[in-house]
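Values in this text are rule-based calculations from the coordinates and carry no lab data. From a predicted model like this one, the values you see are computed outputs, not experimental measurements. Cβ placement follows ideal geometry from the backbone for every residue including glycine, while neighbour counts extend to all protein chains displayed.
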Amino acid sequence: MTAPLLVELLCEELPPKALERLGRAFAEGLHAGLRKRGLLEGAGEARMFATPRRLGALVPGVRSASEARATEVKLMPVSVGLDPSGNATPALAKKLEAAGLPGLDPAKLKRRMDGKSEMLFADATVAAVPLAQALQGALDEAIAGLPIPKVMAYQLADGETTVQFVRPAHGLVALHGSDIVEISVLGLRAGRSTAGHRFQGAAQVAIDKADGYEAKLRDDGKVIADFGVRKQEIARLLKEKAAGIAPAFTPDAELLDEVTALVEWPAVYVGAFDKEFLGVPQECLVLTMQKNQKYFPLVGSDGKLLDRFLIVSNMRLADPSNIVQGNERVVRPRLADARFFFETDRQTKLADRVPHLATMMYHHKLGTQLERVERLRKLATRIQAMLPRGDKGKPYADRAAFLAKADLVTLMVGEFPELQGTMGRYYAEADGEEPSVVRAIEQHYLPRFSGDALPAGDTSIAVALADRVDSLVGMFSIGVVPTGDKDPFGLRRAALGVARILMETSPSLNMEVKPLLKAAADVLKIPPDKADAVLAAVHEFVRDRVANLMRERGYTAKEVAAVMEVDSAESKPDRLDLLPRKLDAVREFGKLPESVSLAAANKRIANILRQAHEKGEKPGFVDHDIFAEQAERDLFHALREISGKAHTQFEKGNYTDYLKTFAVLKAPVDAFFDKVMVMAEDATIRRKRLNLLFELEFEMNRVADISKLA
């Protein structure tokens, strides 16, 4: 018999930020376990159910038992399994018994090469497995594979047995169609009864059949079991309530996920707070409501915060006044705290807080935050002088770097670290600081994440770059390098920030990476004998992050390698702002019919020149055009004619036209390799031919290493 299979674990309240991930892993793990055991018919995916109190999965097309099937068992090498007379050794006999084939005649075994050894194989039959047995194994595996953030140990009702799970489990449902599947897990035996909503649903809900679970739980239990359906319903209710107050409202995605994991029977109500609190920066109020209370703030069409907020409740009531008033009472002291922090912070000028950074350690090998601020001042000033435009000669970058970290010792940032930079901007503005300094205090943290805005203006850019290169070079200099998924100081994010600022700022900064890193090393006073290795490692780290970024943006690994692994130091893409244009040029070149042949020829040239170098040859540019073979002369003259045109395009930055110019070399390059022996016995002839290839490689690979496309 084939029927849907339902499995549900009823638990105490599950961690909300992990709920969706737990639910998905539970459903996928159960589905994979059943498929592995041959219980599934068709390709239907498991349906995931996850609420604050339950994890569940509905798997379509599950058989009541797997089918017996023929298989082949790999045993052991012939030399181990058979003695010289062809009889089974004790090792083989033991292996056959373990495989369920005791006493099998060795003559019935098959021999076949497997790798470097001749192996023994046996034909066997995998017996049919009943659903209960298969589901028990699949469920055990699914539970063991859950990404549980923190395991909880608890005792069962017998007072003696201790089990571990994400939260204590109190019920297990396992239905195949309408039949209970006899399994047990976490000290629970399967049945058909689950619990409804704690206050608005039936205490016990009997599930008649597996595919009726969702409707039954909704109708009788007042529970929307499907996480995605519940999330859509909450989003709909939020927009419905906001429509008459803030028509442009869009719910915060992260908060929406979190409240979906906190309720089973959602309702949305509108609350209000005193308008007097609107004198506090709205970022503080928004964060207070979102982080502490899980409310959705409302913003008017002018972008300013309103004195209203939306509450997602787990109770649907005809008269929700008690819920609304209760939440309004709770939010008032939270907003009052935010106002207190803000007003208290403003009593001290931001500049007067800077000395207090001496009490805050940045890293024990790199000093305090105050010592870091002194480095940032020097570094930001040097970087500002490197910029091609703007406020050169004005001390704005120095002042912004001096104040950039001062808000770290404010009450508001102490309560909400997410507001660092933002609060610094408010306090600096209130202190009457120069506008570009005010902007830089906030914007030097940009970009904070992928796709975030970039700092604008020379002062902001100088401090933003200084902040990141100081982190990168400083941490690498003391051996703090990201490994695996561990990156406690956010160095990957810092490297991407440097790359995006240099690559995407418009108009272009025309800056290279290496001088920035060198400036940081100078300010950090890294000893010269150590600095070169540190800077090389940081430079490679930044380039790796850039390569990953370009691949994420749709460029192929070959295209990225062609541009970023150019052998010529002149063409190495230290100017990251040129990188997108070079990649686009390589992509367009790859579309030409001649590109395949030219890429292969470039790879051949690279191999020849490398081998020549290994033999002590040092080819250079062609010094005269006297060649013995016509194919040599044709290639040389074609190259010199094309190179002039290509050089003009390169200097203009027309990289696509530069690469396309070389398409006409396909015929003379092919003819050269067909008719000319490069490594001739005569040293003079050989040297001239190597010089020709050297010049060809140099001219063609100023934008990208074409051989990487082969």
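FRET efficiency for the residue 13 to residue 294 pair, using the beta carbon distance and R₀ = 22 Å, is estimated at 0.95. Annotation: amide H-H contacts under 5 Å for residue 705 (H modelled 1.01 Å from N, sequence separation of 5 or more, or interchain): 563, 565, 566. In this structure the amide hydrogen of residue 172, modeled in the peptide plane, comes within under 5 Å of the amide hydrogens of 10, 191, none closer than 5 places in sequence on its chain.
Per-residue Karplus couplings for region 67-80, computed as 6.51 cos²θ - 1.76 cosθ + 1.60 with θ equal to phi - 60°, are listed in order as 8, 4, 9, 7, 8, 10, 9, 7, 9, 6, x, 4, 5, 8 Hz, Gly and Pro entered as x.
At full extension, residue 675 and residue 596 could sit 26.4 nm farther apart than now, given 0.36 nm per residue minus the alpha carbon distance.
When the helices of the chain are scored as -39500 (n - 2.57) per DSSP H run of n ≥ 4 and the total is divided over every residue, the value at 222 nm lands at -14500 deg cm²/dmol.
Based on C-alpha pairs under 8 angstrom that are at least 6 apart in sequence, region 397-522 has a relative contact order of 20 percent.
Summing Lys and Arg as +1 and Asp and Glu as -1 over all other residues whose Cβ lies under 11 Å from the Cβ of residue 658 gives a net charge of +2.
Over the chain, the alpha carbon radius of gyration divided by the compact-protein estimate 2.2 N^0.38 Å works out to 1.30. The residue list 547, 440, 498 was ranked by how far each Cα lies along the charge dipole of region 365-553 toward its positive end, using unit charges on Cβ atoms, and 547 comes out on top.
Please report the antiparallel percentage of the DSSP beta bridges confined to the chain, to the nearest 5. Counting DSSP beta bridges with both partners in the chain, the antiparallel share is about 100 percent.
In a DSSP loop and with at most 16 other Cβ atoms within 10 Å, the trypsin sites (Lys or Arg not before Pro) in region 391-484 are 392, 448.
Taking every alpha-carbon pair under 8 Å whose residues sit at least 6 apart, the chain reaches a relative contact order of 8 percent. Here the dipole of region 400-525 is about 520 debye; that uses its Cα centre as origin and unit charges on the Cβ of Lys and Arg (positive) and Asp and Glu (negative). On a per residue basis, the convex hull of the C-alpha atoms belonging to region 365-553 measures out at 120 Å³. Couplings 3J(HN,Hα) for region 424-431, derived from phi with the Karplus relation 6.51 cos²θ - 1.76 cosθ + 1.60 (θ = phi - 60°), are x, 4, 4, 5, 5, 5, 5, 7 Hz, where x marks Gly and Pro.
Toward the positive end of the charge dipole of region 606-710, with +1 on the Cβ of Lys and Arg and -1 on the Cβ of Asp and Glu, the farthest Cα among 664, 627, 680 is that of 664. Distance between the modelled labels on residue 144 and residue 529, one decimal in nanometres: 5.4 nm (7 Å Cα→Cβ projection). Going down the table (405/514; 74/558; 17/582; 94/150; 150/530), which pairs top 32 Å between alpha carbons? Correct reply: 74/558; 17/582; 94/150; 150/530. Exposure proxy for 489, 636: other Cβ atoms within 10 Å of each Cβ, ordered fewest to most, give 489, 636. Annotation note: GluC sites (Glu not before Pro) in region 514-623 located in DSSP loop regions with a Cβ neighbour count of at most 11 within 10 Å are 570. Taking label points 7 Å from Cα along the Cα-to-Cβ direction, residue 483 and residue 236 give a separation of 5.1 nm.
Couplings 3J(HN,Hα) for region 30-39, derived from phi with the Karplus relation 6.51 cos²θ - 1.76 cosθ + 1.60 (θ = phi - 60°), are 5, 4, 5, x, 6, 5, 4, 8, x, 9 Hz, where x marks Gly and Pro. Note on residue 344/residue 215: beta-carbon distance plugged into 1/(1 + (r/R0)^6) with R0 of 51 Å gives a FRET efficiency of 0.40. Restricting to DSSP loop positions (anything but H, G, I, E, B) with no more than 13 other Cβ atoms inside 10 Å of their own Cβ, which trypsin sites (Lys or Arg not before Pro) remain in region 91-146? Those that pass, being in a loop and sparsely packed, are 116. Between residue 551 and residue 153, the contour length at 0.36 nm per residue exceeds the Cα-Cα span by 138.9 nm.
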